[in-house]
Amino acid sequence: MSVPTLSLERLRPGLYGWRVSSSPRGPAARHGCHTSLAHCLEQAMADLPDRSGLVEILYCDIPMGTMESTEVRRASGEIARQIKSLHSALLETA
C-alpha cells in the first residue's frame, strides 16, 4: 500500500496551496488560496481516505516527514508551526 503525499506550497505571502497524491500517477486533489498553512492541512486531510494511516508531507518541495494522518488531523495548527520552523531552519543552513 502506498503512502499518500501531501504537498504544501506558499503561493505568495499569506497565501498557500496544496495537493494530495495517492499514487505516482498524479494529484488526486488540488486546491489553493488558503490564508494559512494550518487551514491547508485541515482541508487536505479532509480529502484523504479515512483508511490512510500515514501521510508524507512536503513543503515547497522539501520533505518534512511522514506522519500519522490522525495526528495531522488532530494537531494541524501545531504541525503547521513545526513545518514553518523546520523550513526556515533548512533555508538558513543552505
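Bear in mind that the values in this text are calculations on the coordinates, not laboratory data. In this text the structure is predicted, and so the values were computed from the model without any measurement. Here Cβ is always computed from backbone atoms with ideal geometry, including for glycine, and neighbour counts include all displayed protein chains.
Condition (residue is within 14 Å of LEU6 (Cβ to Cβ), assigned to a strand (DSSP E or B) and under 11 Å from the mean Cα position of the chain (by Cα)) applied to the stretch 41-48: is it met by at least one residue?
The answer is no, given that none of the residues of the stretch 41-48 is within 14 Å of LEU6 (Cβ to Cβ), assigned to a strand (DSSP E or B) and under 11 Å from the mean Cα position of the chain (by Cα).
Looking only at the stretch 42-79, count how many residues are in contact (Cβ under 8 Å) with a residue 24 or more places away in the chain, out of contact with any strand residue (DSSP E or B) (no Cβ under 9 Å at 6 or more places or on another chain) and small (Gly, Ala, Ser).
Of the residues in that region, 2 qualify.
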